[in-house]
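Down below is the structure, laid out as structure tokens.
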């Protein structure tokens, strides 16, 4: 579906809604929480999530409700939802390798598994989604394909976010080629690159 046609479809879908729920989905360490913090801080002055290089730092849905975003003179209100990272499996031994003690590693693995289940359940409650992908990684992962499949099956509008374009080995074109049926915005959530472009895309989810 062409990008302009997609945006027109979104406008018809949401009509005159005053607010909507936007879920951030993606693999672990793709930068979802960094992006959530960037959006939240840009428009509320406050961060909303804890960021860590250790996988599954976010293990429950983090919400920022009624976040007002102004784009080109248009104000939209959204409930921003930072979802736990999706993974095909969670092994407590991976956390031990990162320096965690056994009880802490087992606890995190249990909480991470619960968080993945919660994130999937929340698909029933989101109006739209951003699928965050690491532009430095191969986009053809079971996680990315599974998330997109679930979003498409539920007819949930999705924008793919190619994150970490500030890295030298970033190749956002691989993501665009892998999933040409969905609109894509290239950003660096860490440095704030192209956030205006992302906000303009998000703004199409509601009519002013």
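If R0 equals 22 Å, the separation of the Cβ atoms of residue 43 and residue 21 corresponds to a calculated FRET efficiency of about 0.90. By the count of neighbouring beta-carbon atoms within 10 Å, fewest first, 77, 88, 113 end up ordered 88, 77, 113.
For the peptides 24-36, 121-133, 165-177, the ranking by packing is 24-36, 121-133, 165-177, with the highest mean count of neighbouring Cβ atoms within 10 Å listed first.
Between residue 120 and residue 60, residue separation times 0.36 nm minus the direct Cα-Cα distance comes to 20.5 nm.
In this simple spin-label model, placing a label point 7 Å from the Cα along the Cα-to-Cβ direction at both residue 177 and residue 104 gives a separation of 4.2 nm.
Most simply put, the stretch 3-203 has about 30% antiparallel DSSP beta bridges, counting only bridges with both residues inside it.
Any read-out appearing in this document is the output of simple, stated calculations on the displayed coordinates, not a laboratory observation. Given the structure is predicted, the values throughout are model-derived calculations rather than measurements. Here Cβ is always computed from backbone atoms with ideal geometry, including for glycine, and neighbour counts include all displayed protein chains.
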